[in-house]
Amino acid sequence: MECKTIDIEKLKVNNVNGDDDVVTPWTVESKNETGVDYDKLIQKFGCSKVDQVLLDRFEKLTGKPCHRFLRRGIFFAHRDMHLVLDYYEKGTPFYLYTGRGPSSEAMHVGHLIPFMFCQWLQEVFDVPLVIQMSDDEKAIWKNLTIEEAIKLSYENAKDIIACGFDMKKTFIFSNLEHIGNNPALYQNMIRIQRGVTFNQIKGIFGLGDNDSIGKIAYPSTQAAPAFSTSFPFIFKNAKVPCLIPAAIDQDPYFRMSRDVAPKLGYIKPSLISSSFFPALQGSKTKMSASNCNSAIFLTDTAKQIKNKVNKYAFSGGQPTVEEHRQIGGNCEVDISYQWLRFFLDDDERLKVIEKSYTSGELLTGELKKELIEVLQEIIGSHQKRREVITDEIVKQYMTPRDLGFQLNINK
Ligand code: TYM
């Protein structure tokens, strides 16, 4: 298990109750039923809260209402988001960068969160997006064969493409295949490796003397795409600001990228970070691809979705109907409600559900039914879109090419 070597003490976040939240790229755990204390995490990591001022700016600049992930505080933290918007306002576009570590064929619904959000950002800002498939990371950490890791990149790329990215503006790449063909990316990796010490890596990632050198070098691979000069075929060597949407577990990689950027004469990447989509069993952990009952997978059938939600979704309801009618349910810990916050777009409907569950009018079984219907629709339509994505389509997204990027937005 890779997390045995992490120096957890360095990475612990003490929450208000004195319990310990652990948030690293490998482990997300909280002792609280309501999950990680994100306000404490903002302080600990030194990022900023996504506040109303920022949301107003989003709406003003795009002329579109904010995505529900913003309206509901699901993307809750940022670093230098205002800077990216300043550039954009003055007519300089940014690009988006995100990624996936392909460790299994089936992605779960939690993995959809950053990709759904990126799809929306790409649409409202009309900007290019690069997506890194870090199959090298998974080959190192999960001991996959190189061939197997590459195969998983292609499988997962289909699920990512099914989120609706504009092919003309999206480049997806497998690290194991692409880096050897892109000297500019490799050169940036080496610049980063030269600018970061082993001590810094130990401090940020908790790696130690017994970790493979692959683990020590890997952060430079995840950092390099945050610098536009890594993609000369897209940005023609211009220094273009970068915005990285991801869950907050990826923050350590980009803290490192931001630290090293000035040494290389590059713009620090900006970040917008989400909370975790919780496991069916409750908010103490994020979902895991290795525990199939903790998650709903993008390959699950309508029947599997129904059975898993009914059997495993942690309930904030009371033990008997009588008690529930009297005391009401607790939405803060109820997984069906929490999942609806991520996926039910209708604010009014969500408010009604919250009110009637809290008052005891709506029962746990009825709340679960609401969630099952929403999930079956989202996953069913995802599967339909994925079905028609051929290997040829994947190849087109994964071909290095000019994405029609221009340094000035014609306003
Ligand atoms: P990976 O494959 O673990 O996760 C892919 C993306 O999904 C986010 N994520 C979640 N978001 C909300 N709720 C969850 N339960 C949940 N689980 C995972 C992750 O934060 C990530 O954004 N090292 C990365 C791959 C990577 C990457 C990047 C990610 C390479 N370059 C650039 C972000 C940006 C990884 O293993 O992610």
*When Gly110 is evaluated against the numbered criteria (1) modelled with pLDDT under 95; (2) out of contact with any strand residue (DSSP E or B) (no Cβ under 9 Å at 6 or more places or on another chain); (3) buried (at least 21 other Cβ atoms within 10 Å of the Cβ), which criterion, by number, is the only one it fails?*
(2)
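Have a look at Ser103, Ser30 and point out the one that is in contact with a helix residue (DSSP H, G or I) (Cβ under 8 Å, 6 or more places away or on another chain), closer than 24 Å to Ile335 by Cβ, crowded, with 18+ Cβ neighbours inside 10 Å and of a type in the set (Gly, Ala, Ser).
On the way: Ser30 fails: in contact with a helix residue (DSSP H, G or I) (Cβ under 8 Å, 6 or more places away or on another chain).
Answer to the check: Ser103.
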*Would you mind finding the one in Ser274, Ser315 that is of a type outside the set (D, E, K, R), over 23 Å from Asp159 (Cβ atoms) and either crowded, with 20+ Cβ neighbours inside 10 Å or under 20 Å from the mean Cα position of the chain (by Cα) (or both)?*
Ser315
*Just one of (1) open to solvent by 60 Å² or more (accessible area, probe 1.4 Å); (2) under 23 Å from Val23 (Cβ atoms) trips up Asp334, so point out which.*
(1)
*Filtered residues of the range 120-134 (kept if open to solvent by less than 40 Å² (accessible area, probe 1.4 Å) and either in contact with a Leu (Cβ under 6 Å, 6 or more places away or on another chain) or more than 11 Å from the ligand (Cβ to nearest atom) (or both))*: Trp120, Leu121, Gln122, Val124, Phe125, Val127, Pro128, Leu129
*Got at least one residue in the range 248-257 being more than 8 Å from the ligand (Cβ to nearest atom) and open to solvent by 10 Å² or more (accessible area, probe 1.4 Å)?*
yes
*Right, Lys142: open to solvent by 10 Å² or more (accessible area, probe 1.4 Å) and touching an Asp or Glu at 6+ places or on another chain (Cβ under 9 Å) or not?*
yes
*Would you say Lys268 is in a loop (DSSP other than H, G, I, E, B), within 22 Å of Phe45 (Cα to Cα), charged (D, E, K, R) and open to solvent by 20 Å² or more (accessible area, probe 1.4 Å)?*
yes
*Filter result for the condition that a residue is assigned to a helix (DSSP H, G or I), near the ligand (Cβ under 10 Å from one of its atoms) and at pLDDT 95 or above, over Glu177, Glu148, Glu137, Glu155*: Glu137
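Rundown of residues vs (1) more than 16 Å from the ligand (Cβ to nearest atom); (2) over 24 Å from Gln222 (Cα atoms); (3) touching a Pro at 6+ places or on another chain (Cβ under 6 Å); (4) in a loop (DSSP other than H, G, I, E, B), yes/no style:
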site	(1), (2), (3), (4)
Lys263	yes, no, no, no
Asn293	no, yes, no, yes
Gly317	yes, yes, no, yes
Gly329	yes, yes, no, yes
Glu332	yes, yes, no, yes
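Evaluate the following for Phe115: is it crowded, with 21+ Cβ neighbours inside 10 Å, part of a helix (DSSP H, G or I) and within 11 Å of the ligand (Cβ to nearest atom)?
yes
The values are calculated or read from the model by the stated rules, or taken from the named source; none is laboratory data. Owing to the predicted nature of the structure, the values given are computational and were not obtained by experimental measurement. With ideal geometry, Cβ positions are generated from the backbone for all residues, glycine too; neighbour counts draw on all protein chains shown. Keep in mind that these areas ignore ligands, DNA and RNA; they rest on the heavy atoms of the full protein, side chains included. Shrake-Rupley method; radii C 1.70, N 1.55, O 1.52, S 1.80 Å.
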